[in-house]
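Trainee: Before I ask anything, let me first share the structure, which is written out below as structure tokens.
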Amino acid sequence: MVENDLILTERREGYRIITLNRPDRLNSFNEPMHKALMSALIETEADSECRALILTGAGRGFCAGQDLADRLTSPGQQPPDLAATIEQFYNPLVRKLRGLRIPIIAAVNGVAAGAGANIALACDIVLAGRSAKFIQAFAKLGLVPDSGGTWFLPRLVGPARARALALLAEPVSAEQAEAWGMIWKTTDDAGLMDEAHRLASYFATQPTIGLGFIKQALDVSETNDLDRQLELERDLQGRAGRTPDYREGVAAFFEKRQPKFTGRA
Ligand code: T3D
């Protein structure tokens with residue numbers, strides 16, 4: 001376990017767990033936590049042995065978004081420059097998560113509010129404990145959903161639900177989120193981390209380069225037309241077909257055995 005207080009990083013066989021660790025503030029973001037999380041993600045990206053990532057929160061919450069204690073101002077004081085903090089911290093974080101070539105599992109262990117909800121939704125597979133809830137809290141503060149919220153939400157739950165969730169800022173239970181297709185799966189609270197570890201261990205044995213290509217193709221399918229997407233699939237398939245894992249997958253199929261994927265080029 002590598003600790004720098006605000007972010008805990010744990011290495012397991014083939015994968016890592018990053019834990020947001022400001023439980024007394026429901027793991028809300030301040031600048032030091034942003035910086036520590038970005039360092040942990042950069043380190044994860046550079047680790048060729050790491051083939052999956054779990055992102056979770058310490059204590060009873062996943063993440064309550066921005067630490068609002070850092071945004072209190074007195075009358076007459078200059079308002080905070082939120083565009084600047086989004087440019088400096090939140091947008092790079094979402095881009096980094098989406099750009100990682102390994103599967104990221106969000107294990108949402110409790111409330112995910114504001115940017116915390118959207119950071120969970122930026123992950124590849126979102127698991128949530130039954131007591132977790134997702135809140136687009138922004139409208140209650142006069143703010144706009146950020147960290148990709150206005151992009152992820154309509155794509156995940158459709159425009160009608162996205163609008164209502166963003167405008168009303170009402171909590172969505174884990175079970176409702178699963179029923180709407182906003183997240184992958186709800187588990188019992190006690191079983192959440194076991195399920196996240198089970199998935200991460202599975203991914204740690206899978207063809208990592210191919211999985212990275214799948215993420216890449218799905219990401220751009222949101223904006224590509226069919227022709228461009230067909231071309232991209234051709235190109236990525238060409239590259240996937242040159243990986244040792246593809247050769248191994250085909251050989252294992254004919255030898256009627258489990259493949260031994262290395263995840264290496
Ligand atoms: O600013 C920029 O750079 C722009 C980017 C903005 C991104 C954003 O995320 S804006 C949205 C910020 N987040 C929120 O508006 C959520 C605020 N929190 C809540 O609405 C509630 O706390 C929750 C619904 C998340 C949870 O409610 P509950 O009843 O389970 O817990 P609680 O009692 O409200 O919170 C527990 C403690 O955590 C409490 O402290 P205390 O009273 O025990 O000393 C509470 O103040 C603290 N806490 C919760 N959320 C935040 C927070 N402290 C600072 N900032 C928070 N966001």
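Trainee: Go through the residues of region 12-20 one by one and say whether even a single one is within 19 Å of the chain's Cα centre (by Cα) and within 16 Å of the ligand (Cβ to nearest atom).
Mentor: Yes.
Trainee: Looking only at region 49-97, count every residue that is surrounded by fewer than 18 Cβ atoms within 10 Å (Cβ to Cβ) and either among the hydroxyl-bearing types (Ser, Thr, Tyr) or not assigned by TED's automatic domain parsing to the domain that holds Asp124 (or both) and tell me the total.
Mentor: 2
Trainee: Out of curiosity, is Leu230 part of a helix (DSSP H, G or I), exposed (fewer than 14 other Cβ atoms within 10 Å of the Cβ), within 17 Å of the chain's Cα centre (by Cα) and not assigned by TED's automatic domain parsing to the domain that holds Ala122?
Mentor: No, not satisfied.
Trainee: Let me ask something additional. I'd like the full set of residues that are without any contact (Cβ under 8 Å) to a residue 24 or more places away in the chain and more than 9 Å from the ligand (Cβ to nearest atom), limited to region 62-87.
Mentor: Within region 62-87, Leu72, Thr73, Ser74, Pro75, Gly76, Gln77, Gln78, Pro79, Glu87 qualify.
Trainee: Every residue in region 112-153 that is within 21 Å of Glu195 (Cα to Cα), within 11 Å of the ligand (Cβ to nearest atom), surrounded by fewer than 24 Cβ atoms within 10 Å (Cβ to Cβ) and of a type in the set (Gly, Ala, Ser), please.
Mentor: Within region 112-153, Ser131 is the sole residue that qualifies.
Trainee: Please indicate, with yes or no, whether at least one residue in region 95-111 is over 16 Å from Thr186 (Cα atoms) and within 7 Å of the ligand (Cβ to nearest atom).
Mentor: no
Trainee: Restricting attention to region 154-170, does a residue exist that is under 12 Å from Gly114 (Cβ atoms), modelled with pLDDT of 95 or more, surrounded by fewer than 21 Cβ atoms within 10 Å (Cβ to Cβ) and in the same structural domain as Ala58 (by TED's automatic domain parsing)? Before the answer, list the steps.
Mentor: Keep residues of region 154-170 that are under 12 Å from Gly114 (Cβ atoms), which gives 166, 169.
This time we only want the ones that are modelled with pLDDT of 95 or more, so: 166, 169.
Among the residues that remain, those that are also surrounded by fewer than 21 Cβ atoms within 10 Å (Cβ to Cβ) are: 166, 169.
Narrowing the set further to residues that are in the same structural domain as Ala58 (by TED's automatic domain parsing) leaves 166, 169.
The answer is yes; a qualifying residue exists.
Trainee: Still on this model: Pick from Gly249, Gly263, Gly191: which is of a type in the set (Gly, Ala, Ser), surrounded by 12 or more Cβ atoms within 10 Å (Cβ to Cβ), in the same structural domain as Pro145 (by TED's automatic domain parsing) and over 25 Å from Gly149 (Cα atoms)?
Mentor: Gly191
Trainee: Which one is nearest to the chain's Cα centre (by Cα), of the residues in region 207-227 that are surrounded by 15 or more Cβ atoms within 10 Å (Cβ to Cβ) and among the small types (Gly, Ala, Ser)?
Mentor: Checked region 207-227; the qualifying residue nearest to the chain's Cα centre (by Cα) is Gly212.
Trainee: Same structure again: Just for helices (runs of 4 or more DSSP H) wholly inside region 108-173: which have at least 1 residues that are closer than 21 Å to Gly61 by Cβ and in contact (Cβ under 8 Å) with a residue 40 or more places away in the chain? First the steps, then the outcome.
Mentor: On the way: elements: 115-121, 149-157, 159-168.
So the answer is 115-121.
The values are calculated or read from the model by the stated rules, or taken from the named source; none is laboratory data. Small disclaimer: the values here were computed from a predicted structure and weren't measured. Glycine gets a Cβ as well: all are built from the backbone with ideal geometry, and neighbour counts include every protein chain shown.
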